[in-house]
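Undergrad: This structure is in structure tokens; I'll ask about it shortly.
The values are calculated or read from the model by the stated rules, or taken from the named source; none is laboratory data. Being a predicted model, the structure only gives us computed values, none of them experimental. Cβ sites come from the backbone with ideal geometry, for glycine too, and all protein chains shown count toward neighbours.
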């Protein structure tokens, strides 16, 4: 813990709400989303950043090692997210973030070391190649359970297998 933790608690009271807004702060009406570029993405982080800036939406964009963080009103952030995903829908992923960019309780520049949750993103990133493949090659999955066979029919099958094994 740093010596300024007490100052951080009183100065920055961004308590994340379930809907993505922050109560008791100047960002009550804002949300944050993470854009994560998966392996094999046709867009680089810098290209994504340029694209988002060209949208000219009133949002805060922060370039990250895995993509970008967007912060702003729900309408503007979600518009940017939809347009960004359209660039490469199978390789661009969106994740909710409970804190705005630069929040001193989560910002590694203020805390030192990896940000809390970074290792979770790193672990999820390992799975994104498989998720991208599944999105590009969808397969039919039948969710109906097979019907159970009657006990008498099962016993007949067991007896026939036993009879064949006894012949050997």
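Undergrad: Does region 132-141 contain any residue that is surrounded by 10 or more Cβ atoms within 10 Å (Cβ to Cβ) and touching a residue at least 60 places away in the same chain (Cβ under 8 Å)?
TA: yes
Undergrad: Would you check which residues across region 57-85 are within 16 Å of the chain's Cα centre (by Cα) and in a strand (DSSP E or B) and list them?
TA: 67, 68, 69, 70, 71 - these are the residues of region 57-85 that are within 16 Å of the chain's Cα centre (by Cα) and in a strand (DSSP E or B).
Undergrad: Looking at region 135-158 only, could you name the residues that are more than 16 Å from the chain's Cα centre (by Cα), part of a helix (DSSP H, G or I) and under 20 Å from residue 40 (Cα atoms)?
TA: 136
Undergrad: Just to be sure I understand, how many residues within region 33-51 are surrounded by 15 or more Cβ atoms within 10 Å (Cβ to Cβ) and farther than 16 Å from residue 100 by Cβ?
TA: 9
Undergrad: Okay, moving on. Mind checking which residues of region 79-110 are modelled with pLDDT of 75 or more and farther than 22 Å from residue 125 by Cα?
TA: If the condition is that a residue be modelled with pLDDT of 75 or more and farther than 22 Å from residue 125 by Cα, then 79 is the only one that fits.
Undergrad: Taking region 7-56 only, how many residues are assigned to a loop (DSSP other than H, G, I, E, B) and modelled with pLDDT of 60 or more?
TA: Qualifying residue count, region 7-56: 14.
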